[in-house]
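A.B. asks: Handing you this structure, nothing more for now.
The values are calculated or read from the model by the stated rules, or taken from the named source; none is laboratory data. What you are looking at is a predicted structure, and each value in this text was computed from that prediction instead of being measured. No Cβ is skipped: glycine too gets one built from the backbone with ideal geometry, and neighbour counts run over all protein chains shown.
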Amino acid sequence: METHHLAGFYDAIVVGGGLVGSAVAYGIAREGARVLVIDEGDDAFGASVGNFGLVWVQGKGIGQPAYTAWTRESAALWPSFADALRDETGVDTQLLQPGGFDLCFSDDELEEREKQLLQLSNEAGGDYAFEVLSHADLKARIPQIGESVAGATYTPMDGHVNPLKLLLGLRRCLANRNAHLVNSERVARIDSQPGGFVVHGQRGRWSSARVVLAAGLGNKDLAPMVGLQAPVVPIRGQVLISERVATFLRFPTATVRQTAEGTVQLGDSLEDVGFDKGVTTDVLSEIAMRGVKAFPLLRDVRLVRAWSALRVMTPDGFPIYQESAICPGAFSVSCHSGVTLAPVHALRLARWITCDCVVPSIQAFSADRFRNPYESFSHVD
Ligand SMILES: Cc1cc2nc3c(=O)[nH]c(=O)nc-3n(C[C@H](O)[C@H](O)[C@H](O)COP(=O)(O)OP(=O)(O)OC[C@H]3O[C@@H](n4cnc5c(N)ncnc54)[C@H](O)[C@@H]3O)c2cc1C
């Protein structure tokens, strides 16, 4: 097999060109390093193009303050990150961060949510702004709310973007910075050798000083090639989208949001069905009914599309960031919430990868926290 040096030896090869790989690769390119992104392409499982678009902090990191802090840092970086993407590429990610609501349909649910946010606040030393709203309080903020919504929790830290524009912006940034992209290429083998790595695809092989595994669910098979473990499983989420309607919802909620174009996105299920990317009428009708309960005006709105995508879930739901002890220079990056975390992936994690810059608490994200990475797990009751 021929060795392809598209432009010589790379400083870093990133395997996976979804939101996570593209954000990390963009960050590496910003450091002035020579980057190659290799992506399998069309047969991808595609969480990056099938997600809900939330930049979400609320409720994240219970029992893991490092993750709460990481998520909050990312949300705080989002405005300048969005500006940088727009300035570099002209792509507007449609970021809005007015705060977000998590709607509850019973008093018990609301009480449980409040307890969780109190725990997060305690873990953050009290520095965690949130509100618990009764139905009446909520109606004062969102007049279209349905009668069967018992109340909601709110944090000012939440927001949403257009995730497709985010991916487009990242890809354009990569092109502007002369990063190379090999599409429709599945990485099948990675060899560690003195001074770096040789990454083997079906059509060629490429060499680099560092290799970053950001292949979503593909990381599970790739990680052991460089002495790492990435115990990730697919958890399916089904999503519905409506026709455009006049603006009625200026805040994102965890399950309903109105996009900048006026469409309403309704989501999203949590299903442990392996790699099945189908949609099912029972789950979609449940999602639609919950949406109508939340916002009765949706009863008369036409749904125009449904899809599903596979989340990349670790056993505890927190990210895995780790450099290989056996093959230094090889890193694994696996996470749910790749939209929310795009800024820290580009601006913090990439520097940790390229110049050993310290990321506080990075050790908390090592896969070594899983005593048995081969143990099976699920996120669905
Ligand atoms: C329904 C749903 C809703 C979500 N909502 C949100 C949200 O509101 N906010 C949020 O922050 N996050 C959300 N997420 C999560 C977010 O979408 C993911 O964290 C993110 O997209 C993961 O990106 P990724 O690049 O790791 O994975 P992917 O998008 O799966 O991309 C991985 C890429 O790697 C490639 N690849 C795999 N194996 C190989 C190989 N061997 N060789 C070469 N390439 C390979 C694939 O082709 C693919 O392109 C949601 C996800 C889902 C499914």
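A.B. asks: Taking the stretch 231-279, which residues are assigned to a loop (DSSP other than H, G, I, E, B), among the β-branched types (V, I, T) and over 19 Å from the mean Cα position of the chain (by Cα)?
C.D. replies: First pass over the stretch 231-279, keeping only residues assigned to a loop (DSSP other than H, G, I, E, B): 231-232, 243-252, 254-255, 259-263, 267-270, 272-279.
Keeping just the survivors that are among the β-branched types (V, I, T) gives 232, 245, 247, 255, 259, 263, 273, 279.
Across the stretch 231-279, the qualifying residues are V245, T247, T263, V273, V279.
A.B. asks: Ok, one more. Go through L217, L138 for me and flag whichever is outside any strand (DSSP E or B) and either in contact (Cβ under 8 Å) with a residue 60 or more places away in the chain or in the same structural domain as S22 (by TED's automatic domain parsing) (or both). Talk me through it step by step, then tell me what you get.
C.D. replies: Values: L138 fails: either in contact (Cβ under 8 Å) with a residue 60 or more places away in the chain or in the same structural domain as S22 (by TED's automatic domain parsing) (or both).
Answer to the selection: L217.
A.B. asks: Going through the stretch 151-181 one residue at a time, which ones are surrounded by fewer than 18 Cβ atoms within 10 Å (Cβ to Cβ) and of a type in the set (G, A, S)?
C.D. replies: Answer for the stretch 151-181, where residues must be surrounded by fewer than 18 Cβ atoms within 10 Å (Cβ to Cβ) and of a type in the set (G, A, S): just A175.
A.B. asks: Same structure, new question: Just to be sure before I move on: is I145 among the hydrophobic types (A, V, I, L, M, F, W, C) and within 16 Å of the ligand (Cβ to nearest atom) in the structure I sent? Walk me through how you get there before you give the answer.
C.D. replies: Working: among the hydrophobic types (A, V, I, L, M, F, W, C): yes; within 16 Å of the ligand (Cβ to nearest atom): no.
No; evaluated as a whole, the condition is false for this residue.
A.B. asks: Moving on to the next point. Any residue in the stretch 335-362 that's of a type in the set (F, W, Y): show its pairings with residues that are within 15 Å of the ligand (Cβ to nearest atom) at Cβ separation under 9 Å, as long as the two are six or more apart or on different chains.
C.D. replies: W352/Y321; W352/F331
A.B. asks: Look through the stretch 217-259, keep the residues that are small (G, A, S) and more than 20 Å from R311 (Cα to Cα), and return whichever of them is farthest from the ligand (Cβ to nearest atom).
C.D. replies: A246
So that you can scan it fast, the table gives a plain yes or no per residue for (1) small (G, A, S); (2) surrounded by 16 or more Cβ atoms within 10 Å (Cβ to Cβ):
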| site | (1), (2) |
| --- | --- |
| Q64 | no, yes |
| A69 | yes, yes |
| T93 | no, yes |
| P98 | no, no |
| F101 | no, yes |
| S106 | yes, no |
| E112 | no, no |
| R141 | no, no |
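A.B. asks: Pairs only if they're at least six apart or on different chains, beta carbon under 6 angstrom, first in the stretch 47-60 and modelled with pLDDT under 95, second in a helix (DSSP H, G or I) and buried (at least 24 other Cβ atoms within 10 Å of the Cβ); list them, first residue then second.
C.D. replies: Hits for this filter: S48/L19.
A.B. asks: Would it be correct to say that G41 is touching an Asp or Glu at 6+ places or on another chain (Cβ under 8 Å), near the ligand (Cβ under 7 Å from one of its atoms), part of a helix (DSSP H, G or I) and not assigned by TED's automatic domain parsing to the domain that holds A294?
C.D. replies: Details: touching an Asp or Glu at 6+ places or on another chain (Cβ under 8 Å): yes; near the ligand (Cβ under 7 Å from one of its atoms): yes; part of a helix (DSSP H, G or I): no; not assigned by TED's automatic domain parsing to the domain that holds A294: yes.
Criteria not met by G41.
A.B. asks: Within the stretch 192-219, track down each residue that is within 22 Å of S366 (Cα to Cα) and surrounded by fewer than 20 Cβ atoms within 10 Å (Cβ to Cβ). Steps first, answer last, please.
C.D. replies: Quick first cut of the stretch 192-219, residues within 22 Å of S366 (Cα to Cα) only: 192, 196-197, 209-219.
Scanning the stretch 192-219 gives S192, A209.
A.B. asks: Return only the number of the condition from (1) at pLDDT 95 or above; (2) not assigned by TED's automatic domain parsing to the domain that holds T247; (3) not small (G, A, S) that L298 does not satisfy.
C.D. replies: (2)
A.B. asks: Where the second residue is at pLDDT below 95 and the first is at positive phi and lies in the stretch 12-31, which pairs have Cβ atoms under 9 Å and are six or more apart or on separate chains?
C.D. replies: Filtered contacts from the stretch 12-31: G16/E40; G16/A44.
A.B. asks: Quick one: which of T263, T314 is under 28 Å from F365 (Cβ atoms), modelled with pLDDT of 95 or more and of a type in the set (S, T, Y)? Lay out the reasoning, then the answer.
C.D. replies: Details: T263 fails: under 28 Å from F365 (Cβ atoms).
Selected residue: T314, the only one of T263, T314 that is under 28 Å from F365 (Cβ atoms), modelled with pLDDT of 95 or more and of a type in the set (S, T, Y).
A.B. asks: What tally of residues in the stretch 237-255 results from selecting those that are crowded, with 16+ Cβ neighbours inside 10 Å and either small (G, A, S) or without any contact (Cβ under 8 Å) to a residue 40 or more places away in the chain (or both)?
C.D. replies: Total meeting the criteria: 3.
A.B. asks: Next question. Going through A350, A330, A309 one at a time, which residue ends up being within 16 Å of the ligand (Cβ to nearest atom), surrounded by fewer than 24 Cβ atoms within 10 Å (Cβ to Cβ) and within 30 Å of K165 (Cα to Cα)? Let's see the steps before the verdict.
C.D. replies: Working: A350 fails: surrounded by fewer than 24 Cβ atoms within 10 Å (Cβ to Cβ); A330 fails: surrounded by fewer than 24 Cβ atoms within 10 Å (Cβ to Cβ).
Being within 16 Å of the ligand (Cβ to nearest atom), surrounded by fewer than 24 Cβ atoms within 10 Å (Cβ to Cβ) and within 30 Å of K165 (Cα to Cα) holds for just one of A350, A330, A309, which is A309.
A.B. asks: A84: assigned to a helix (DSSP H, G or I), under 30 Å from Y26 (Cβ atoms) and within 17 Å of the chain's Cα centre (by Cα), yes or no?
C.D. replies: Values: assigned to a helix (DSSP H, G or I): yes; under 30 Å from Y26 (Cβ atoms): yes; within 17 Å of the chain's Cα centre (by Cα): no.
When the stated conditions are applied, A84 does not pass them.
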